[in-house]
Amino acid sequence: MPLQSKIKCYTAWANVRCASFERPLSNVFTDLFTGTHLKSLLKGFTGKSPKKMRGMTRCHTRRQLSAQFELFLVELQTAGIIPESTEIDCDMIAKKNTKCIAELLWKLIVHDIRFTWERSSQLQLDNDKLVCSVCFKWIPNVQSPEQQKDKQQARTPLSFFDGLESSLSATKRCSISSLVESLHLQDFELFPGREVAKTFNKKIPKEGWDYYPSAVECILDLINAHLQIASEHQKLLVKDLGDLADSHVWCYLVNSFMPGTFIVEVLPCDRWTTNLALKTMEEFICTSTSFTSQDLLEADSKALCAYMCFIFMCGYKFKQSRAVTNCIRELYILMNKLDSQLETFTGNGLESDQSTRKSKLQEKLEETKNELSWLHASYDVPFCQNWSEHAYKVQKQTKEAISQKLIERFETVTVPRNMSMNDLCLSLAIAFTQTNCFYLATEKETFPESRKIVLQDKKTKKFTEDFSGYQPNVSVRKILKLPLTGLVEIDPNAYPDYHHFVPSISW
C-alpha cells in the first residue's frame, strides 16, 4: 500500500511538472519507459532536449534503455538541476527497479520543492499586483534569436512594486528598484524576475542553493505559512507531515488559496471532510488524482512531500491567475474613471492648476495602459479569467456538498478485514471521538426501545433516523410499522424498500 501511495504522489507531481507529455501519466514508474515521456520530462527541466534523446519505444534492449537514462542524468547535471556528484545506477533503472527510479525522481522533486519554496513569499502576499509582478513558471526559457521577443514585454512595470512601500524600509525599496532596473538591462534570463521574487523571501540562506532547507522543512514551512494566512488567530501548526491527516489542516489550506470555501468550525475532523478538501483543492487547480485521506496515512514522507509539491506548484499558478484577473478588472475600472475625469478638462483655456491636474491624469492613464499591456503580454488573460470563473463554480459546488452532507450526516464504510474499532478508525482516518458507529444488520435481531436504528432507502440512498433531532416528527418504528414502545424483533429481509438497517453498536 505505501508503494501505491508513492505512485499516486510521484505521478501527480510528474504530470504537473511536464504538461508537454503527450498524454497524462497513470504511473510515472512505468510510463517513463514508453513514448517520449522521458524526453518531455528532461525538456521540462532544461527547456530543451538533446537530439540524441529518442522515444523509448525504439529502445529494444536494456543497454539502450540504460544509455537513454544516462544521457538524461548528464543533461540534468549539466543544467545544475541535480549535483554533478549524484550517482544513479542507470542499469538498475533500465531493469525497472522501483527503488532506483524513485531515487532519481526524488532528486528532481527536491529541486522543485526548493524552487517553489524560494518563490513562495511573493506568491503568498495579499497584494494582487505584487503576486503577479513576477510570473511563476518552472520551465526555463531557452535563448533563441528566432523566438526572442521585445525586451520591454518582459519588464515588470515598476509601479507593480509600489505595494512594497508600506512594508519595506527606504533602503530596501531602493535596492529592489535597482535590482529590477538592472535585470531589465539583461539580454536573457532562464526565469525572468526570479532574483526579484527571491527578495521577498527573507529565509533564503545567503550561502546559496546548497544551503536551502531540506525538502521536508520546506514543505512544512509552506504549509504553516498558509495556515497562518487562513486560520487567522487559530494558531494551527503542523509540526510533522503526519499532521496532514487532520482534515482541518486541509480546509485551511484550501481557504488560503480560495478564501471562504470552508467554514472549518462546523465541519467534523474526519475522513469525509479530508476527502472533500482534497477533491476541492484538486478541482481548483484543474487536476485529478485518486489520492485520498487513506493515502495521507499510508504514504511515506517523500511521497507526501511530492504530493504537497504538486499542490503548491499548481496552487500558486492558480493564485497568480486570480491575481491577474483581479488586476485586469481593477485597471479597466481605473482607466474608465481616468477617462471620465479627463473629459472634464476640455478646451484650450485651462488654468495653470487645471493644466497640471490634466497632465497628472494623462500620466496616470498612460501608466495604467502600460500595466494592462504588460499583463496581457505576460499572461494568458482569458485563460486566467476562465480559471477564476471555474474556481467560483467549484467553490459553490463544495458548499452545496457540505449542505447536503449536513442533512445526510452518514457515510457507509466497508470494513476491509476483522479488526477492532480503534484499528478501523486509525486505518481509515475516522474521527474516533466524534463518530457514532452503526453496522449493517442482515439477520433477525431483537431491539429494546432505546436501541437506535438508521434506515437507508434503496432507491434514493437517503438516510432516516429519529434520534439526532435533524428529522423532527420522524419515527423509524412507524416507518417499519412496529409497536411504538417495548421490545421488538426485526427481520431486515421483511423490508425490501430499504437497503439495510444500520443498528448502533457500543464503542
1/(1 + (r/R0)^6) with r = Cβ-Cβ of residue 51 and residue 209, R0 = 25 Å, i.e. FRET efficiency to nearest 0.05, evaluates to 0.30
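Ignoring everything except DSSP H segments at least 4 long, calculate the 222 nm mean residue ellipticity for the chain; use -39,500 (n - 2.57) per segment, divide by total residues, nearest 500. Write down the numbers at each step before the final one.
Details: 18 runs with 259 residues, N = 507.
That comes out to -16500 deg cm²/dmol.
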Report the convex hull volume per residue for the range 187-250, counting only C-alpha atoms, in Å³.
129
Count neighbours as other Cβ atoms within 10 Å of each site's Cβ, and list the trypsin sites (Lys or Arg not before Pro) in the range 1-54 that are DSSP loop with at most 10 such neighbours.
51, 52
Accessible area of the chain belonging to carbon and sulfur atoms, whole % at 1.4 Å probe:
50
Can you order the peptides 26-33, 309-316 by their average number of other Cβ atoms within 10 Å per residue, highest first?
309-316, 26-33
Any idea what the relative contact order of the chain is, in percent, if you count C-alpha pairs under 8 Å spaced at least 6 apart?
14
Gyration tensor (Cα) of the chain, equivalent ellipsoid semi-axes in angstrom
50, 35, 19
Any aspartates and glutamates whose Cα falls less than 18 Å from that of residue 95, other than same-chain ones fewer than 8 residues away, would be 31, 70, 87, 103
Once phi is turned into θ = phi - 60°, what whole-Hz ³J(HN,Hα) does the Karplus curve with 6.51, -1.76 and 1.60 give for every residue of the range 445-455, x standing for Gly and Pro?
9, 9, 10, x, 4, 7, 6, 7, 9, 10, 10
When ligands, DNA and RNA are left out and all protein chains stay put, how many square angstrom of accessible area per residue does the range 32-148 have with a 1.4 Å probe?
47
So how exposed is residue 430, as accessible area in Å² (1.4 Å probe, rounded to 10)?
40
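Going down the list 107/239; 43/137; 137/364; 99/302; 137/369, which pairs span over 18 Å between their C-alpha atoms?
The pairs that break the limit, which is 18 Å between Cα atoms, are 107/239; 137/364; 137/369.
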Taking 7 Å along the Cα-to-C-beta vector as the label spot, tell me the residue 85-residue 351 distance in nanometres, rounded to one decimal.
7.5
Relative to the longest principal axis of the C-alpha atoms of the chain, give the angle of the C-alpha long axis of helix 98-123, reported between 0 and 90° and rounded to the nearest 10°.
60
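The values are calculated or read from the model by the stated rules, or taken from the named source; none is laboratory data. Model, not experiment: these values are computed from the prediction. Here the Cβ is made from the backbone with ideal geometry for all residues, glycine too, and neighbour counts use every protein chain on show. Side chains included, ligands, DNA and RNA excluded: accessible areas come from the protein's heavy atoms. Shrake-Rupley method; radii C 1.70, N 1.55, O 1.52, S 1.80 Å.
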